[in-house]
Amino acid sequence: MHDYFLMVMSAIFVNNIVLAQYLGNCPFLGCSKDRKVAMGMGGAVVFVAFMASVITWLIQRYALTPLGLGYLQTIVFILVIASLVQFVEMFLKKVIPPLYTALGIFLPLITTNCAVMGIALLVQRQELTFTEAVVFSLASGAGFMLALVVLSAIRERLLVARMPKAMEGTAAGLVMAGLMSLAFFAFQGMI
């Protein structure tokens, strides 16, 4: 139990997939202008990362490794992630059309979101058990969502703040992302 707690804290704060490992920066910056959109994108990434880790763990354990097809790992993982993203896209289009419209191009780009692929590959590289893979993928997705929601809250506050013209928009988002990354590095010595 103690190990799972450390794994969760590490994945969310110490080794945050966006702020410490710099994966998934495209949706991190692109979907952080509105808090509701950030919550939707974060939820979609948590779901896809969780399902992708579970499915790829099973495929790696029971198909790729026993058959000696480990060299197909990247291609198979991309196909799994792309299939899951198509499922999420159809679900959001049917059930939550405003969120589907707000996410726009960033929703299909989850397929190429290196955070999702990175989580699936880290599960394999660290040779986690099935339960550890589930916990790690959920915690890593939650870390992505936390970083995205915090950045969106900061950017919403910046809209009403006085700042130089050159620092408005993406420039302010990049500076805030850098400052958040530095703040999360303060967790390095805790675990």
Item to check | Value of relative contact order over the chain, rounded to a whole percent, pairs C-alpha under 8 Å and six or more apart | outcome: 43
Checklist entry - If the chain between VAL175 and ARG162 were fully stretched, how many nm would it gain, using 0.36 nm times the residue separation less the Cα-Cα distance? => result 3.1 nm
Checklist outcome for this item: Toy charge model, Lys and Arg Cβ at +1, Asp and Glu Cβ at -1: segment 1-100 dipole around Cα centroid in debye, rounded to 20, equals 280
Checklist outcome for this item: Whole-Hz Karplus couplings 3J(HN,Hα) for segment 86-94, θ = phi - 60° and coefficients 6.51, -1.76, 1.60, Gly and Pro as x, run 4, 4, 4, 4, 5, 4, 5, 5, 7
Checklist outcome for this item: Once phi for every residue in segment 170-178 is put through the Karplus expression 6.51 cos²θ - 1.76 cosθ + 1.60 (θ = phi - 60°), the whole-Hz ³J(HN,Hα) values, with Gly and Pro written as x, are 5, 4, 5, x, 5, 5, 5, 4, x
Checklist entry - ALA186 versus ILE96, label points 7 Å from Cα toward the beta carbon: distance in nm? => result 3.1
Checklist entry - Net charge near MET145, counting Lys/Arg +1 and Asp/Glu -1 over other residues with Cβ under 15 Å of its Cβ? => result +1
Checklist outcome for this item: quick shape note, the chain: Cα extents on principal axes in Å, largest first -> 60, 44, 28
Checklist outcome for this item: Carbon and sulfur atoms account, in whole percent of the 1.4 Å probe accessible area of the chain, for 70
Item to check | Å² of accessible area per residue within segment 89-191, as computed with a 1.4 Å probe and no ligands counted | outcome: 56
Checklist entry - Picking from MET7, ILE59, VAL85, whose Cα lies most toward the positive end of the charge dipole for the chain (charges on Cβ: Lys, Arg +1; Asp, Glu -1)? => result VAL85
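The values are calculated or read from the model by the stated rules, or taken from the named source; none is laboratory data. Since the structure is predicted, the reported quantities are computational estimates derived from the model, not experimental observations. Glycine also receives a Cβ, built like all others from the backbone with ideal geometry; neighbour counts cover every protein chain displayed. Just the protein is used for accessible areas: all its heavy atoms, side chains included, with ligands, DNA and RNA removed. Shrake-Rupley method; radii C 1.70, N 1.55, O 1.52, S 1.80 Å.
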